[in-house]
1. Any residue at all in the range 215-225 that is assigned by TED's automatic domain parsing to the domain that holds LYS270 and within 16 Å of the ligand (Cβ to nearest atom)?
2. Against the condition at negative phi and among the basic types (Lys, Arg), how does LYS142 come out, does it pass?
3. Kindly establish whether LYS256 is under 30 Å from LYS201 (Cβ atoms), free of Cβ contacts under 8 Å to residues at least 24 places away in the same chain and within 16 Å of the ligand (Cβ to nearest atom).
4. Among the listed residues LYS251, LYS238, identify the single one that is free of Cβ contacts under 8 Å to residues at least 60 places away in the same chain, among the charged types (D, E, K, R), within 16 Å of the ligand (Cβ to nearest atom) and touching a helix residue (DSSP H, G or I) at 6+ places or on another chain (Cβ under 6 Å).
5. Every residue in the range 63-84 that is among the charged types (D, E, K, R) and within 16 Å of TYR162 (Cα to Cα), please.
6. Step by step: first the residues of the range 44-100, then only those that are among the small types (Gly, Ala, Ser) and surrounded by 12 or more Cβ atoms within 10 Å (Cβ to Cβ), then the one that is nearest to the chain's Cα centre (by Cα). Which residue is that?
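The values are calculated or read from the model by the stated rules, or taken from the named source; none is laboratory data. Everything numeric in this text was worked out from a predicted model, so none of it was measured. Virtual Cβ from ideal backbone geometry, glycine too; neighbours counted across all protein chains shown.
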Amino acid sequence: MDSLFIIGILLIGVIFIIIISFLFSYRNKKIKKQIVKLSQAIKKKNQIDLNFQHKFKKLNNTELVLYFNHFNGKRMYENFSLYNACYDYLYENETEIKSIIKIIKSNINFKKEYEEEIDKSFVQTNLEIVLASKIKVKKFYKYEKEIYFSNFINPVIEFKIYLSKEYVTPAGRNSYKEAQIKTFYQILEIWETIKKDKIVKSSEEFRRKYERSLVSDKVRVQIFNRDNLTCQVCGDSKKNNNSIVLHIDHKVPIAKGGDSNLSNLWTLCKRCNLGKSDLILENIIN
Ligand SMILES: [Zn+2]
C-alpha cells in the first residue's frame with residue numbers, strides 16, 4: 001500500500017511539472033511573438049534578410065560523386081590516381097566548374113557582407129516601447145537579442161567532390177577500395193593549377209602554329225635551292241632521280257622545341273623523312 005501511495009504522489013508531481021512547463025513555454029512563445037512584432041532590431045534584421053536574399057545564388061548540386069571501378073588488374077588500380085582523376089574531370093568540365101566557383105565565391109563574399117551588416121545593425125528597441133509592452137525589460141532585451149542573432153540565411157558556400165576507386169580480384173577473393181573528398185578550397189587549388197597548365201599549353205600550341213606558319217612557299221624554295229634539291233641524309237637528288245619526293249623538314253622537330261630558322265630546316269627525301277618520327281605533312285612537295 002505504501003509504495004502505491006508514493007508512486008501516486010510521484011505521478012501527480014510529474015504531471016504537475018509537465019503542465020507547468022507547458023504553460024510556461026506557451027507563455028514564452030506568446031511573449032516572443034509579441035517581441036518580434038514590437039522589436040525595431042528584428043524589423044531591421046528582416047529588411048537586411050530581404051536585401052540579401054536575392055544576392056545569394058543557388059546551386060543545383062552541392063556535390064559530385066566520381067566512382068571508378070574499371071580496372072584490368074591490381075596494378076592498374078594502384079596506379080590510378082584519384083587526384084589525377086579529379087584534375088581530369090575539372091579540366092574537361094571547365095564551363096561547369098567555372099560557374100560553380102563563381103557562385104560559391106560570390107556567396108562567400110556576400111555572406112561576409114551580410115554578417116557584418118547584421119552585427120553592426122543591432123540596436124535595442126526604445127525603452128518606451130518596451131515599457132508599453134508590459135513585458136519585463138530584461139526579458140524583452142534578452143529575447144530580442146536572441147531572436148535577432150538566430151535564423152540566419154545560409155547560402156551555399158561549399159561544394160564537394162567524392163572520389164573513390166574500387167577493384168575486386170577476378171575470383172572475388174579480395175577487394176580494394178580508396179576514397180577521397182575534395183572540399184571547395186581543395187577544388188579551387190586544383191583549378192588554379194589547371195588554369196596555369198592551360199595557359200602553358202595554349203601558348204605552346206600558339207608557338208607551334210606560329211613556327212609552322214613561318215615555313216612559307218618562299219622559304220621552301222629557298223631551302224630547296226640552298227640544298228640543291230638534294231636529300232641531306234641519303235644524297236639522292238631530284239636532278240638524278242625525277243621520281244623522288246622531297247620534303248622540307250625541321251631538324252629539331254617543332255614539337256620538341258625546334259623553330260623555323262633556316263638553319264633548322266633542311267631538305268629530305270620522302271623515304272628518309274618517313275624514317276623520322278615527326279613528319280611535317282604541310283611541307284610535302286612533289
Ligand atoms: Zn633521303
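1. yes
2. When the stated conditions are applied, LYS142 passes them.
3. Judged against the criteria, LYS256 is not a match.
4. On the way: LYS238 fails: touching a helix residue (DSSP H, G or I) at 6+ places or on another chain (Cβ under 6 Å).
Testing whether each residue is free of Cβ contacts under 8 Å to residues at least 60 places away in the same chain, among the charged types (D, E, K, R), within 16 Å of the ligand (Cβ to nearest atom) and touching a helix residue (DSSP H, G or I) at 6+ places or on another chain (Cβ under 6 Å) leaves just LYS251.
5. Hit for the range 63-84 is GLU63, nothing else.
6. SER99
Per-residue answers, yes or no, for (1) farther than 30 Å from LEU64 by Cα; (2) in contact (Cβ under 8 Å) with a residue 24 or more places away in the chain:
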residue: ILE181; (1), (2): no, no
residue: ILE187; (1), (2): no, yes
residue: THR193; (1), (2): no, yes
residue: GLN222; (1), (2): yes, yes
